[in-house]
1. Pick from PRO120, PRO86, PRO24: which is most flexible by mean-square fluctuation in a GNM of the chain where alpha carbon atoms under 10 Å apart are linked?
2. Using DSSP H assignments, which helices in the chain have an axial alpha-carbon span of 30 Å or above and a mean Kyte-Doolittle hydropathy of 0.0 or higher?
3. Could you give the size of the charge dipole of the chain about its Cα centre, using +1 on the Cβ of each K and R and -1 on the Cβ of each D and E, expressed in debye and rounded to the nearest 20?
4. Select from ALA33, MET132, MET18 the residue farthest towards the positive end of the dipole of the chain; place +1 on Cβ of Lys and Arg, -1 on Cβ of Asp and Glu, and compute about the Cα centre.
5. Where nothing but the Cβ of Lys and Arg (+1) and of Asp and Glu (-1) is charged, how large is the charge dipole of region 1-73 around its Cα centre, in debye to the nearest 20?
6. Which values of log₁₀ I(q)/I(0), to two decimal places, follow from the Debye formula for region 80-150 at q = 0.28 Å⁻¹ with a uniform point scatterer at every Cα?
7. Take the Cα atoms of the chain, find their three principal axes, and give me the spread along each one in whole Å, biggest first.
8. Roughly how many whole Å is it from the C-alpha centroid of region 14-60 to that of region 86-122?
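Read-outs throughout are calculated quantities, based only on the coordinates presented, and are distinct from any laboratory measurement. Quantities reported herein were computed from a predicted structural model and do not represent experimental measurements. Positions of Cβ are generated from backbone atoms using ideal geometry, with glycine treated the same way; all protein chains shown enter the neighbour counts.
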Amino acid sequence: RIDDGLDARRCAFQCVHMLVRMLPGAANTDLLAESIVRGIADDHDIRLLVLQVIHETVSTQAHMYAERLDEIAASVRKVQATKLSPKAVSQEIEKHHAILKSSVSVLVALEPVAKAATSPSAEFDKLLAEVMDSSNGELSVYYKELHSQG
């Protein structure tokens, strides 16, 4: 299956990334948050750009993320629910592992926001607990690895 809009979305998220880098606080937070939620469940390349945006804005836009933790958790859960085809080749397997690791990275980046939120997100907290659970295999390993990197 070919995604004809991937290049346009990639370009749009690169622009968003540059906007938040060059003009912090200038972006409309509602539109930015909406884009981030959608981008988390997008193609791997888009998700990596979204992750960069999250890392660069989490300290200045924590309130924006705190208000949307349930939506973010739903997007991350959707990503983590994707399954590999039984006939997957090594490149597809590596990409799948990278996708799972980037989804856990979103949770690690937003964990301090969730802890500081005035109204906790049950969905985010539940997903984070599931990922941290040592019986969860690779997601737990990714969480520990990413958390130790700080």
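1. Among PRO120, PRO86, PRO24, the largest GNM mean-square fluctuation belongs to PRO86.
2. Long hydrophobic helices here: 90-116.
3. 180
4. MET132
5. 180
6. -1.30
7. Principal extents (Cα only, largest first): 46, 37, 25 Å.
8. Each part reduced to its Cα centre gives a spacing of 16 Å.
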